[in-house]
Structure formats: C-alpha cells, structure tokens
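Reading through the structure tokens given below for one structure.
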Amino acid sequence: MEYLISVIATIGDKDAFTYSPRSGRMYDIRKPGHGSALYGEMLTENGNFRPDAPIYLIGVTDNDDISANDALKWAFKILTLSANQPLFGTWVNDAGKRCLDLVIAVQFIREYDAIMMGKEFEQEYILRIDPYGEHESIKVR
C-alpha cells in the first residue's frame with residue numbers, strides 16, 4: 001500500500017495519464033508518441049499480445065476520486081497477487097473531478113468483447129490503442 005500511496009503522490013495535478021508501475025513511465029496519450037510508446041511497452045511486457053491488433057485499457061475499479069480508497073487497495077492487491085501488472089489511469093469525469101483507477105491491458109479479436117468486459121467492470125468508457133499509437137475512447141454504457 002505504501003507503493004500505491006507513492007504513485008498517488010507522483011500524480012500531482014495531472015489531469016489524465018496512464019502510469020506503468022513496471023517501467024515507472026507516465027504516458028499522456030494525447031501527446032505525440034505517447035500512445036505508440038505505451039502500446040510498445042504493453043506488447044513487450046505481454047508475450048501473448050499480437051503486434052497487429054489493438055490493445056484495450058479497461059478500468060477494473062470505478063473510483064470517483066484520486067485517493068487510495070479501499071476498493072483501489074483491494075483491486076491492487078488482487079491484481080498483483082495474480083501476477084497481472086495493473087496500470088494506473090487518471091481521468092476527469094463529466095463533473096470535472098479527477099479520478100484514479102486501476103487499469104488492465106487486454107487484447108480481443110472483436111471489439112465487442114472489450115466493450116462487454118468494460119460493462120462487466122461497470123465502466124463508462126474503455127480506451128483502444130491501435131498498433132500505430134492512435135487512441136479512441138469507447139463509450140460502453
């Protein structure tokens with residue numbers, strides 16, 4: 001949990017980004033090159049990912065703030081025990097409030113399956129990053 005608290009301290013006042021604990025890198029996919037770099041890291045870290053298919057980032061928590069609340073702590077513990085290295089993602093909700101979630105990177109043959117997974121985790125949006133680093137937020141609810 002100390003690590004989780006240090007990640008939150010690292011966030012500072014950044015509006016939206018994805019943080020990879022494995023590499024210690026912070027990505028803002030709105031900036032040139034960041035989507036490609038994140039895609040490349042996910043491809044390298046997961047030997048099962050195909051280099052010609054999009055990667056979907058799906059939140060597994062539904063945090064409504066930027067704190068290390070119990071849901072975030074529980075999800076972090078479960079994901080790290082299962083050897084799945086979660087990412088941290090911040091975003092700004094419709095009310096303009098910054099939020100922090102744990103995120104997993106997955107690939108699917110059909111986008112529909114990624115959307116269903118997003119619904120399963122009660123997410124509003126999931127993020128698709130294509131092999132060229134282009135990204136799109138996909139509304140799932």
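The values are calculated or read from the model by the stated rules, or taken from the named source; none is laboratory data. What you see is a predicted model; the values in this text were computed from it and never measured. Counting neighbours? That spans all protein chains shown, and the Cβs are built from the backbone with ideal geometry, glycine included.
Quick notes on this one:
- Single residue of the stretch 20-62 satisfying the filter (surrounded by fewer than 20 Cβ atoms within 10 Å (Cβ to Cβ), of a type in the set (S, T, N, Q) and assigned to a loop (DSSP other than H, G, I, E, B)) that is farthest from the chain's Cα centre (by Cα): Asn48
- Among (1) touching a Ser or Thr at 6+ places or on another chain (Cβ under 8 Å); (2) more than 24 Å from Val140 (Cα to Cα); (3) among the hydroxyl-bearing types (Ser, Thr, Tyr), the one test that Tyr19 misses: (2)
- The stretch 50-63 residues that are within 15 Å of Lys139 (Cα to Cα), paired with ones that are of a type in the set (Gly, Ala, Ser) and part of a strand (DSSP E or B) (beta carbon under 7 Å, 6 or more apart): Leu57/Gly89; Leu57/Ala105; Gly59/Gly89
- Taken over the stretch 118-139, the criterion of being of a type in the set (Phe, Trp, Tyr) and under 16 Å from Ile104 (Cβ atoms) is satisfied by Phe121, Tyr125.
- Scanning the stretch 94-118 for residues being within 24 Å of Asp70 (Cα to Cα) and either over 15 Å from the mean Cα position of the chain (by Cα) or among the aliphatic types (A, V, I, L, M) (or both) gives a total of 10.
- Here Ile129 fits the description: among the β-branched types (Val, Ile, Thr), in contact with a strand residue (DSSP E or B) (Cβ under 8 Å, 6 or more places away or on another chain), modelled with pLDDT of 90 or more and closer than 22 Å to Arg25 by Cα.
Rundown of residues vs (1) in a helix (DSSP H, G or I); (2) touching a Gly at 6+ places or on another chain (Cβ under 9 Å); (3) surrounded by fewer than 16 Cβ atoms within 10 Å (Cβ to Cβ), yes/no style:
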| residue | (1), (2), (3) |
| --- | --- |
| Ala71 | yes, no, yes |
| Ala75 | yes, no, no |
| Thr80 | yes, no, yes |
| Trp91 | no, yes, no |
| Val103 | no, yes, no |
| Tyr112 | yes, no, yes |
| Lys119 | yes, no, yes |
| Arg128 | no, no, no |
| Glu136 | no, no, yes |
